Amino acid sequence: MEKKQFRTESQKLLDMMINSIYTHKEIFLRELISNASDAIDKLYYRSLTDDSVALTRSDYEIRIDLDREARTITITDNGCGMTDVDLENNLGTIAKSGSYDFKHENESREDVDIIGQFGVGFYSAFMVSDKITVTTRAFGTNRAWIWESEGVDGYTMTEGCRDTAGTTITLHLRADTDEEAYSEYLDTWRIKSLVKKYSDYIRYPIRMDVTTQKLREGVDAASDAADKYESVTTTETLNSMVPLWKKRAQEITDEEYASFYHDKFYDFEAPARTVHFKSEGTATFDAMLFVPAKAPFNYYTKDFEKGLQLYSSGVLIMEKCADLLPDYFSFVRGLVDSADLSLNISRELLQHDHQLKVIAKAIEKKIKNELAKMLESDRAKYEAFWSAFGMQLKFGLYADYGQHKDVLQDLVLFTSSAERKLVTLAEYVSRMKEDQKSIYYACGETLDKIEMLPQCESVTGKGYEVLYLTDDVDEFALKMLMNYSEKAFVNVCAEELDITSEEEKEAVKAENESSEDMLNAMKEALGEAVSAVRFTNTLKSHPVCLTSEGGLSVGMEQVLNRMPGGEEGVKAQIVLEINASHAIADKLKSLYVYDREKLTAYAKILYAQARLIGGMSVENPAELSSLVCDLMI
Ligand code: ADP
């Protein structure tokens with residue numbers, strides 16, 4: 001019989017399929033079922049306007065038949081079918097070949113990549129079969145055709161017979177090899193699970209005869225009769241057809257959502273929030289999103305992979321579409337189903353797909369609004385959410401030079417000095433005192449340590465609230481944010497702290513000027529450790545504290561130096577501040593006159609004390625210890 005040749009570009013793809021080492025060969029079934037469903041769609045839509053289509057909605061079906069002896073899988077649909085010309089055009093070449101970009105092949109990328117990137121359609125069946133037979137009859141014609149191919153050699157077409165319109169595709173499975181057990185596709189259980197995984201929401205029933213062993217009627221289960229069981233064959237519908245997300249939210253119970261979430265995303269805990277919506281604006285899609293109650297164990301590691309499941313009209317096209325979620329909402333699980341996306345779109349093209357970007361934007365907005373609602377309506381729940389994922393939102397504030405501030409600034413919480421409760425920035429600002437200029441914060445390892453900072457005491461002493469920052473990212477995030485509601489963020493341990501009146505400022509300035517030489521001598525004694533020594537009148541009871549100058553705080557210095565591979569030896573500009581009204585001030589002045597050597601020792605001790613008070617370690621504990629001892633004896 002005359003063999004027809006495949007067109008060149010089809011041949012390349014075919015060759016790739018046949019020699020494929022792609023590990024997800026199972027997708028062939030998804031592809032064939034999608035084609036069958038499309039073919040039924042075509043006939044169904046035609047039936048809406050064409051009375052000659054005798055089928056009604058419930059007559060349509062896709063059948064799968066397994067034949068273990070013959071090693072075949074047969075997929076049958078009663079859709080529109082194909083004429084001989086259609087067959088030539090559709091299976092002799094790649095439909096829509098324009099959407100396949102073969103430049104990758106020239107760059108000698110593995111076929112694995114290409115198959116992963118494309119929905120490869122009909123030809124994917126060659127990954128598991130060495131011969132494919134298609135029998136089809138187009139609706140409205142009375143001739144049927146048989147198309148058959150064993151791969152690259154080409155294909156044959158002969159006239160066949162079929163009672164009604166539709167297509168039957170028979171895959172002759174390859175022989176098992178050491179690497180691949182193709183026989184697994186003859187297993188009913190395997191087929192059932194593949195249909196569930198990829199094609200559960202195909203709109204037409206996918207039916208298969210399933211044979212099970214049942215106890216014969218009237219036979220006791222304990223009997224040891226050889227024939228107590230009999231084989232019973234029933235036709236099962238393998239897919240649930242209507243995706244949960246296509247139902248109206250009002251029709252779905254919380255339990256249904258929870259069990260769906262559990263089955264699909266393997267989380268044992270019910271989600272903290274479920275968001276189910278339909279969008280019909282610039283992008284048409286359904287989305288079902290879940291905020292997990294707890295962070296998965298690998299959430300804050302590089303192993304965690306973000307992404308939403310992506311469906312195109314009920315068919316799963318991507319398990320984790322990362323582009324649908326910004327990093328700061330990476331904890332969200334769920335799915336998006338859009339008819340606007342093509343089943344065959346490649347991953348790379350998808351990244352640049354305008355429609356996908358529009359969907360991603362809409363999703364981001366929705367998540368933001370839902371979190372805001374949760375914050376407003378259920379504070380306890382939001383705080384639980386915050387303890388699981390707050391860190392990620394703070395990273396989001398810091399990331400990309402703070403460009404996500406509009407999305408995130410009203411979702412972040414910090415512990416405040418007011419009763420040590422979590423507050424939003426809006427709450428903080430609404431409680432600011434009349435004369436308060438800035439939003440104050442202080443950093444440290446623990447809330448207790450922060451509260452003990454001398455500067456903190458001064459600020460809270462004035463009745464101002466202070467945000468206590470304990471996470472490494474906190475201060476960096478606030479620096480990126482710069483201000484909130486036009487109020488600047490000010491570290492209480494930084495020179496910008498401005499809580500004194502004009503007179504007080506004048507007084508301390510005079511004090512510093514008159515003791516300039518003494519302060520310089522102390523600075524000399526401390527060398528590079530500090531950039532200056534100054535008197536201050538902001539401290540209440542404490543003798544000394546450290547303040548940073550310039551943009552880098554002491555806390556940030558510590559974080560940066562702790563980071564593996566981070567910048568080496570980052571140094572904050574530190575000023576040793578001495579409480580001008582503390583008795584130590586007079587003592588220092590007199591030492592400057594009578595005992596310069598002792599002044600040097602005092603400078604070192606006070607600097608060490610200031611470090612300890614500020615939650616830092618002492619650089620030279622042995623020296624400190626002997627200096628103190630000298631004073632004691
Ligand atoms: P795609 O589905 O992306 O178009 P395929 O290679 O899977 O690419 O299929 C090529 C074409 O063959 C389809 O577009 C369709 O026109 C036709 N076709 C495939 N399977 C069937 C079927 N079961 N019934 C009718 N037409 C089909």
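The values are calculated or read from the model by the stated rules, or taken from the named source; none is laboratory data. As the structure is a computational prediction, the values presented were derived from the model and not from experiment. Methodologically, a virtual Cβ is constructed for each residue, glycine included, from the backbone with ideal geometry; neighbour enumeration extends over all protein chains shown. Surface accessibility is based on the protein's heavy atoms, side chains included, excluding ligands, DNA and RNA. Shrake-Rupley method; radii C 1.70, N 1.55, O 1.52, S 1.80 Å.
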Item to check | Charge tally in the Cβ shell below 15 Å around SER625, where Lys, Arg are +1 and Asp, Glu are -1, SER625 excluded | outcome: -1
Checklist entry - Looking only at region 537-567, which residues have a backbone nitrogen under 19 Å from a spot 7 Å from the Cα of VAL618 in the C-beta direction? => result 542-547
Checklist entry - If the cut-off is 12 Å between C-alpha atoms, which aspartates and glutamates fall inside it for LYS131, apart from same-chain ones fewer than 8 positions away? => result GLU148, GLU150, ASP153
Checklist entry - Within region 207-279, which trypsin sites (Lys or Arg not before Pro) sit in a loop by DSSP and count at most 16 neighbouring Cβ atoms inside 10 Å? => result ARG216, LYS228, LYS247, ARG248
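State to the nearest 20 debye the size of the charge dipole of region 503-633 about its Cα centre, where the only charges are +1 on K and R beta carbons and -1 on D and E beta carbons.
Details: 13 positive and 20 negative charges, 63 e Å.
It comes to approximately 300 debye.
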Checklist outcome for this item: Residues meeting the amide H criterion for ALA144 (H placed from the backbone, H to H distance under 5 Å, 5 or more places apart or on another chain) are GLY160, ARG162
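If you take the square roots of the eigenvalues of the alpha-carbon gyration tensor of region 517-633 and sort them as a ≥ b ≥ c, do you get rounded (a/c under 1.5), prolate (a/b over b/c) or oblate? Mind dumping the intermediate values first?
On the way: a/c = 2.04, a/b = 1.59, b/c = 1.28.
Prolate, since a/c reaches 1.5 and a/b exceeds b/c.
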Checklist entry - Given the Cα atoms of region 244-381, and with Rh set as the inverse mean 1/r over their pairs in the Kirkwood sense, what is Rg to Rh to two decimals? => result 0.94
Checklist outcome for this item: In Å, the Kirkwood estimate of hydrodynamic radius for region 455-522 over Cα pairs equals 14.5
Next on the checklist: Counting only other residues whose beta carbon sits under 12 Å from that of THR600, what net charge do I get with K and R as +1, D and E as -1?
Outcome noted: -1
Checklist entry - What dipole magnitude, in Debye to the nearest 20, does the chain give about its Cα centre under +1 on Lys/Arg Cβ and -1 on Asp/Glu Cβ? => result 940
Next on the checklist: Strictly over 28 Å apart at the Cα level, which of LYS25/LYS361; LYS192/LYS264; LYS373/LYS437; LYS302/LYS449; LYS278/LYS368; LYS479/LYS505 would you flag in this model?
Outcome noted: LYS25/LYS361; LYS373/LYS437; LYS302/LYS449
Item to check | Farthest positive-ward along region 111-233 dipole, Cα basis, beta-carbon charges - from ILE202, PHE139, SER129 | outcome: PHE139
Checklist outcome for this item: Simple spin-label estimate for GLU269/SER387, 7 Å along Cα→Cβ, in nm, reads 0.9
Checklist entry - What is the distance, in nm, between label points placed 7 Å from the Cα along the Cα-to-Cβ direction at LYS357 and at ALA221? => result 6.2
Item to check | Probe 1.4 Å, accessible area per residue of region 244-381, Å² | outcome: 51
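Tell me which GluC sites (Glu not before Pro) from region 495-588 have a DSSP coil assignment and no more than 10 other beta carbons within 10 Å of their own.
Details: sites: GLU495, GLU496, GLU502, GLU503, GLU504, GLU506, GLU511, GLU513, GLU516, GLU524, GLU528, GLU549, GLU557, GLU567, GLU568, GLU577; in loops: GLU495, GLU496, GLU567, GLU568.
Taking region 495-588 and a limit of 10 other Cβ atoms within 10 Å, the loop GluC sites (Glu not before Pro) found are GLU567, GLU568.
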Next on the checklist: On a full-extension model of 0.36 nm per residue, what is the gain between ASP59 and LYS278, subtracting their alpha-carbon distance, rounded to one decimal in nm?
Outcome noted: 75.9 nm
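Can you figure out the FRET efficiency of ARG143 with VAL232, using R₀ = 41 Å and their beta-carbon distance, to the nearest 0.05?
Efficiency for this residue pair is about 0.60.
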Checklist entry - Expressed in nm to one decimal, what extension gain is obtained for the pair GLU305 and ASP163 from 0.36 nm per residue of sequence separation less their Cα-Cα distance? => result 46.1 nm
Checklist entry - In debye to the nearest 20, how big a dipole does region 327-485 give about its Cα centre with +1 on each Lys and Arg Cβ and -1 on each Asp and Glu Cβ? => result 280
Checklist entry - Spin-label point model (7 Å from Cα, Cβ direction): what's the GLU2 to ARG46 distance in nm? => result 2.7
Item to check | Area projected by the alpha carbon convex hull of the chain, averaged over all directions, nm² | outcome: 43.7
Checklist outcome for this item: Extension length gain for ASP187 and ASP630 (0.36 nm per residue less Cα distance), in nm, is 150.8 nm
Next on the checklist: Taking 51 Å as R0, compute the FRET efficiency from the Cβ-Cβ separation of LYS365 and GLU9 and round it to 0.05.
Outcome noted: 0.80
